Amino acid sequence: MDIADVHSTDFTEFDAETPLSKVAGAFEDRELDAVIVTDGGDYQGIVSRRQLAASSNQPSTKVGTQVRHVPRVDRTEDVREVARLMIGGDAKSLPVFDDGNIVGVVTADAVIDAVRPYLDAVTVEDAYTAELTSARPETTLGKALNTLRETHIAHLPVVDGSDLVGMVSLYDLIDFTTRDERKSQGGSSGGFGGRGGGSRSAGGPSGGFGSREGDVDRMLDLPVRNVMSETVATIGRAAPLDEAVEAMLDRGISSLVVTDESDDPVGIVTKTDVIEALTWEREDRRAVQVFGLDLLDEMSYDDVAALIDDVTAKYGEMTVVKASVQLQAHKEQTRGVPLVLARIRLVTDRGYFTADGEGYGASHALRLAANAIERQVLKGKTYRQSKKPVGPEEQRQLYGWWLGG
């Protein structure tokens with residue numbers, strides 16, 4: 001199956017000089033995942049909802065400085081290859097080209113909707129993530145935001161004991177904090193919560209900016225029960241995967257909490273999990289998936305798997321549930337060796353870890369990414385030993401200008 005009848009020719013486009021505050025307004029359309037950025041009509045890249053929501057840039061920043069160079073696909077590309085490129089590029093929307101010209105976009109929703117009839121032979125248990133990262137009702141917004149940032153996820157189930165009591169998303173938290181900010185200032189913050197288009201005035205308070213440290217701290221100290229949705233969609237592990245897809249598409253959500261036979265939450269299944277399921281080879285369901293194997297120069301698949309094992313061994317008792325290694329070559333070269341971006345994403349029983357590395361040649365890039373992952377693993381180990389709290393200044397650096405005031 002190709003994407004000729006799956007991709008959309010209707011896409012949202014912005015010139016590279018457009019300020020982020022204006023781009024943010026486009027994402028009030030909850031179905032929009034990413035926008036196309038052009039410069040003089042020439043395609044430059046994309047900016048995604050998640051990327052914008054997590055950004056710490058000022059609203060006056062030009063969107064052209066934030067573009068991501070995700071893989072391009074041909075309008076007749078095979079669906080499974082598109083799924084591989086989405087996972088490899090860590091993107092839910094890809095630009096579609098025909099004869100060198102951009103003609104549309106293909107989204108994860110469109111792909112999984114197209115393959116939904118073929119997923120009845122696969123169960124949720126085959127695809128879901130068994131490591132459930134969650135919060136408690138009394139968890140503060142600051143800690144929830146930090147968890148979402150560190151784990152690179154957008155949805156956090158709220159669990160009270162063994163009971164699933166709610167769901168909080170990155171977008172809920174950002175919208176809540178920016179809405180509270182607007183109320184306290186009596187005007188628009190121009191924030192990525194999406195209602196305002198203004199920016200701060202140079203040298204002036206502009207509605208209270210610059211004197212909100214106490215308000216910021218109070219917001220970060222509020223419990224997630226104040227923000228969470230009490231309606232949570234769940235699905236059993238034994239359910240066919242097509243039922244999970246249907247539930248997510250019908251409800252306009254991107255994840256379902258997976259429950260066991262006693263209705264206790266045991267994991268989560270997301271649209272990304274479904275897309276990743278499309279990349280499986282029938283005879284090969286290895287824990288470490290490598291996208292861009294053709295870029296490996298001095299390393300084999302076994303070498304990459306051994307590198308992942310070596311990194312996680314630094315923690316001690318750590319089990320890798322799922323590992324994704326993505327390699328992408330840039331046009332830049334030195335002595336015939338391309339500049340390569342390597343991204344490692346680990347799902348373990350001790351949490352999520354992800355890091356990028358850029359180097360000339362895949363081996364160099366992979367080792368840089370692995371070193372960054374190793375630092376995260378060891379930092380997590382040290383943090384758990386010391387339980388050192390995050391201070392207000394660190395919070396402002398973590399959560400961006402829209403919380404920093």
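Per residue, the convex hull spanned by the alpha carbons of region 25-183 comes to 153 Å³. Length available on full extension from Gln51 to Glu230: 0.36 nm per residue minus the Cα-Cα distance, which gives 61.8 nm. Of the peptides 102-111, 147-156, 290-299, the order by per-residue mean of other Cβ atoms within 10 Å, starting with the highest, comes out as 102-111, 147-156, 290-299. Based on Cα contacts under 8 Å between residues 6+ apart, region 1-86 shows a relative contact order of 37 percent. Each label point was placed 7 Å from the Cα along the Cα-to-Cβ direction; for Asp42 and Asp78 their separation is 3.3 nm.
The gain in end-to-end length when the Ala121 to Arg30 segment is fully stretched comes to 29.7 nm, 0.36 nm per residue minus the alpha carbon separation.
Cross-link check: pairs Lys62/Lys331; Lys62/Lys143; Lys62/Lys322; Lys62/Lys271; Lys143/Lys331 evaluated at a Cα-Cα cut-off of 32 Å; pairs beyond the cut-off: Lys62/Lys322; Lys143/Lys331. Annotation: peptides 236-246, 337-347, ranked by per-residue average of other Cβ atoms within 10 Å with the highest first, follow the order 337-347, 236-246.
Placing pseudo-labels 7 Å out from each Cα toward the beta carbon at Ala247 and Arg375 gives an inter-label distance of 4.0 nm.
The numbers here are math on the coordinates, done by the rules we state, and not lab data. Only a predicted model underlies this, so the values are computations on that prediction, with no experimental measurement involved. When we count neighbours, we look across all protein chains shown, and the Cβ atoms used for this are built from the backbone with ideal geometry, even at glycine.
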